[in-house]
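Have a look at the structure below, then the notes.
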Amino acid sequence: FKGTDVLVKGFALFCRRGGKGELRLSRKGQDLQAAVDLIAELAIAGRVRWLDEMPLVRFYEEMIAADVVCDQFGSSYPGMVTTDAYALGRPVMAKLRPEIFSRRFPESLPGFDAETPEQIADHLMTMEKDRNVLVDMGCKSRAYAEAYLSPENMAKQFLEKM
């Protein structure tokens, strides 16, 4: 549903290509055991750190410390993780669903759009080779949040629809 398998396979491909780094995953969700099994099968357990449930402030600290925040890669939509990452000025990688969100917002959601393991691995390799793309995308994320996702802007959009 959320595409955790797509993320894990993409990270494994990134590792096989020589990429460095660590994947940090929350130890929760309906597909937790499937993710644990897939990580073992792909032999990347040493590159994955599991995070137990935590208070919201600790979750935000994790997001701020992350090079890139990953959200949804399956049939669902980017949600609060994406919008919170934008507000924090963090770059996001997700299946950004431009076919849906372009109807709602005048600009596409910023971020690294991916829906396959290969796309995830490609984006991760690009980020590793040029860290400036992360800085640039983080700035775009924050600017997008300020322009389109502020409470005032959302209220204005709601009232215009009414």
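The values are calculated or read from the model by the stated rules, or taken from the named source; none is laboratory data. Since the model is a prediction, treat every value here as computed from it, not as a measurement. All Cβ positions, even for glycine, are placed from backbone atoms using ideal geometry, and neighbour counts span all protein chains on display. With ligands, DNA and RNA removed, areas are computed over all heavy atoms of the protein, side chains included. Shrake-Rupley method; radii C 1.70, N 1.55, O 1.52, S 1.80 Å.
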- [ ] Please report the base-10 log of the normalised intensity I(q)/I(0) for region 79-162, using a Debye sum with one equal scatterer per alpha carbon and no solvent, at each q in 0.11, 0.12, 0.26 (1/Å).
- [x] -0.32, -0.38, -1.34
Task: Net charge contributed by nearby residues that have their C-beta within less than 14 Å of residue 18 (K/R +1, D/E -1) - done: +3
- [ ] List the residues whose amide H sits under 5 Å from the amide H of residue 26, counting only those 5 or more places along or on another chain, with H placed 1.01 Å from N in the peptide plane.
- [x] 51
Open item on the list: Could you compute how fast the chain diffuses translationally, taking Rh as the Kirkwood radius over C-alpha pairs and applying Stokes-Einstein at 37 °C with viscosity 0.692 mPa s? Give it in µm² per second.
Closed with: 199
- [ ] Could you pull out every residue, at least 5 positions away or on a different chain, whose amide H is within less than 5 Å of the one on residue 112? Hs are placed 1.01 Å off N in the peptide plane, and Pro or chain starts have none.
- [x] 92, 93, 94
Open item on the list: Given a 1.4 angstrom probe, I'd like the percentage of the accessible area of the chain that is carbon and sulfur, rounded to a whole number.
Closed with: 55
Task: Pairwise label distance in nanometres, residue 155 with residue 132, each label 7 Å out on the Cα-Cβ vector - done: 4.1
Open item on the list: Calculate the FRET efficiency for residue 100 and residue 33 from the Cβ-Cβ distance with a Förster distance of 35 Å, rounded to the nearest 0.05.
Closed with: 0.70
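Averaged per residue, what accessible area in Å² does the chain show with a 1.4 Å probe, protein chains only?
58
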Open item on the list: Strictly over 32 Å apart at the Cα level, which of 2/129; 20/156; 28/161; 20/140; 28/156; 129/156 would you flag in this model?
Closed with: 20/156; 28/161; 28/156; 129/156
- [ ] Tabulate in residue order the Karplus-calculated ³J(HN,Hα) for region 74-83, using 6.51 cos²θ - 1.76 cosθ + 1.60 with θ = phi - 60°, rounded to whole Hz; enter x for Gly and Pro.
- [x] x, 8, 8, 10, x, x, 5, 4, 5, 5
